[in-house]
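Chemist: So that we are looking at the same thing, I have put the structure below in C-alpha cells.
Coordinate-derived values only; no laboratory data. The structure presented is a predicted model; accordingly, all values stated were derived computationally and were not measured. Every residue, glycine among them, receives a Cβ derived from its backbone with ideal geometry; neighbour counts consider all protein chains shown.
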Amino acid sequence: MVWSANRNNPVGRGAKLQLSQQGGLTLQDGDDTLVWSTNTSVKSVLGLKLTDKGNLKLFDGNKTTVWQSFDHPTDSLVVGQKLVSGQKLVANDTQLYYRSSDCLLTNQTGQFTAEFNDTGFGAVAFPRSRDGTTRFSVIQLDSDGHLSASWQTTSEWEKAYDLFEGLDSCSYPLVCGKYGICSSGGSCSCPEADKNRVTYTYFRQINSSQQNFTCSPYNPISCESPNQSLLEVKDVDFSLTDLMREIKKDRKDVEEDYMGHISGAPSRFSYEELKGVTNNFNSKLGEGGFGCVFQGKLPGGAQVAVKYLDGFGFVKKSFITEVETIGSIHHFNLVRLVGFCAEKFRMLLVYEYMCNGSLDQWIFCSDKRLSLGWRCRRKIILDIAKGLAYLHEGCRQKVIHFDIKPQNILLDENFNAKVSDFGLSKLVGREQSQVVTTMRGTPGYMAPEWLNSVITEKVDVYSFGIVVLEILCGRKNVDRSLPEEDGHLVSVFKRKAEDGELLDLMDKYNEEMQSNAAEVMEMMKVAAWCLQNEYAKRPSMSIVVKFLEGKMDGENECDFSNAPVLAEVGTIGHPTDTAAWISSILSGPR
C-alpha cells in the first residue's frame, strides 16, 4: 500500500466511492455523509486512471491532469514521485488499520526534517539527495521513524536500505516514546521533578524491564495544581528555532507559506485569477462587516461567490480560521469553500454560489409573495440542525461555530440550507468538555453562559434555538423598531406562553403556517428546549436531528432527567400544555 486517502476516518458498511463529472472523486459513508473528496468539483472531470507507477489521476476532456495522488503523499514515495517543499510523509500507526501515527517527515525549503507530531521540534535533518547507484522502487516512512528504501523481488517487497542508518538511536523521534528522554548510548528515562523541590511524579515507565521503555503521564499537569514543580528536561537543543527565525524573518511570508500548506486546504488562487473570475469585482452580492461578496464564474463554468476581506488583525485571524476549518471538512449542509487567495494584504475566500442568498432575506421580508411555506421552513430548520450536528460530532475535531444566525445560513436553488461563515469558529479536542475563550458572536444570538465563560458547543444550540424562533415567527430576535416590551423576541415568547397566546407569534404573512399550527407548536417546543438557561439541559444537535426526523419520540425516548418540567408536558401540538411547558422552561434571568 503506497497511498491511502482516508486512513484517519474509516467508513462503515454501505460506503461508496463515486466518480462524477462535476464532483470528481468522492467517498461517502453509509449515511451519505461526505467523508473525503478530491475537491475538484469546480473542474470538469472526464475519467480516472491508475498509472503503472501507482499514481491515481483524474483528467479532463483535454487529457490534462486535474488531480493526482502523487500530489498528496501519505507515508510512501514511489519512483517518479516528488516530495516538494511543504509536503510531508506521515507514518502509519502499526497498531491501527491505516491510521496516521505521530511520526512525520516534511520538506521545508529543500531540506527534509523528521518531526515529532505533537511538538513540531526538529529531530533529524539530511540533504535532499544521496549518492548511490542502487535502484529503489519505494521509500517509506515507518512508524518508528526509520526511512526505508525497498525494492520488489520475485515474490515480495524487501527492505534494502535504511536512509537514516548513520544516525544514532537518539535521533529518532519516537525511540523513547512520546514522553521519554533519550540519553547518550540510546538509554531512555522519564522526565523528573526538580531535585531541590519536593519530589512529584509526572511520568512513569510503561515497561521497566526493557532498556528502551517509554513513559506515560502519571498525573495531569495543571497550572492550578498546588503541587507544581519544574521539570528537568535533559539533552534538548532548540537551535532549530533560531535557525528558522533567521530563515524567515518576514512574518507575512511565513503566513502566506503556512496558508499554502494547510492540510486538506482547497485550491489556492492568485489575485489576478480572482480578478478575472469576478470580471474585476463587478457584480456585488452583498456587504458585511469585514468586506464585500462578489459573484464570479470559474473557467469551467461553475458559479462562485468571492468574499474580499477588508482589514488586518482580527480579520486575518478570521481568514486563517475559516480556511483551516471548512477547508478540510465536507457536508451537504455546510457551505463548501472552493478556494482562497492570500497575497500580502489581500485575503479572499471563494465559496460555492448559493443563488437564493441568506435566510434573513426570506424570513424577515414583509412581501407575502416571498414568504416561505411551512414545509420549506421545517426543512431549513432540519438542514441547519444536520450541519451543526456534523460540526459538533461528525468531524475528527469538534467544531464550535459561535455565530449561528440567519445571515450565516445560505440557501441554494432548491432552498437547501447550508451553514456558512466560519471566521469565529474554534476547533476543540474531543476530550475537552469546556472551552474558555474570548467572547465572540452576534448580540441577540449569544448564550447566557458567555457571562461566566463556561463555553461548550451548547452555545451553538442556544443560537440555533433563536434562529428557529425567528423562522417560525418571521421577525428578528431583537427589533428596536417595536415598542420596548416587544423588542426582544425571547421575552415576548415567554410572555405569550404564560398567556396561552403562542399562536399569535406565528408568521402572519403565510397561510400555510396557520394551517399547520400543531406542527409549528411542536417546533416551538424544540426552540424552547434549546433555549434553556443552563447549558447542560439543552439537547445535543444530534438529538435535535433525531427528534425532527421522527426517529425519537419526544414524550417517551428523550432524556428529560435534567429538565423535569419536560416530563409534565402533554401531547406535543396541544397549545395549552406546550405553552405551560415553554413558560416554565424559559423562566429565570435573561
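Chemist: Estimate the FRET efficiency between Glu519 and Glu287 by the formula 1/(1 + (r/R0)^6), using the beta-carbon distance for r and 25 Å for R0, to the nearest 0.05. It would help to have the intermediate numbers written out before the result.
Modeler: Values: r = 36 Å, r/R0 = 1.45.
So the FRET efficiency works out to roughly 0.10.
Chemist: What spacing in nm lies between the two simple spin-label points modelled at Ala15 and Phe364, each 7 Å away from Cα in the Cβ direction?
Modeler: Each label point is offset 7 Å from its Cα along the Cβ direction, giving 4.2 nm.
Chemist: Please tell me which of these pairs span more than 24 angstrom C-alpha to C-alpha: Lys307/Lys458; Lys275/Lys386; Lys379/Lys405; Lys284/Lys418; Lys418/Lys494? Walk me through the numbers on the way to the answer.
Modeler: Working: Lys307/Lys458 29 Å; Lys275/Lys386 35 Å; Lys379/Lys405 16 Å; Lys284/Lys418 21 Å; Lys418/Lys494 29 Å.
Checking Cα-Cα distances, Lys307/Lys458; Lys275/Lys386; Lys418/Lys494 exceed 24 Å.
Chemist: Please state the shape class of segment 323-385: rounded when a/c is under 1.5, otherwise prolate if a/b exceeds b/c and oblate if not, all from the C-alpha gyration tensor.
Modeler: On the way: a/c = 3.88, a/b = 1.91, b/c = 2.04.
Oblate shape, in that a/c is at least 1.5 and b/c is the bigger or equal ratio.
Chemist: For segment 326-364, state which trypsin sites (Lys or Arg not before Pro) are in a DSSP loop and have at most 16 other beta carbons lying within 10 Å of their beta carbon. Write down the numbers at each step before the final one.
Modeler: On the way: sites: Arg336, Lys344, Arg346; in loops: Arg336, Lys344.
Counting only loop positions with at most 16 other Cβ atoms within 10 Å, the trypsin sites (Lys or Arg not before Pro) in segment 326-364 are Lys344.
Chemist: Evaluate E = 1/(1 + (r/R0)^6) for Thr64 and Lys275, where r is the Cβ-Cβ distance and R0 equals 25 Å; express this FRET efficiency to the nearest 0.05. Intermediate values should be presented prior to the final figure.
Modeler: Details: r = 23 Å, r/R0 = 0.94.
Calculated value: 0.60.
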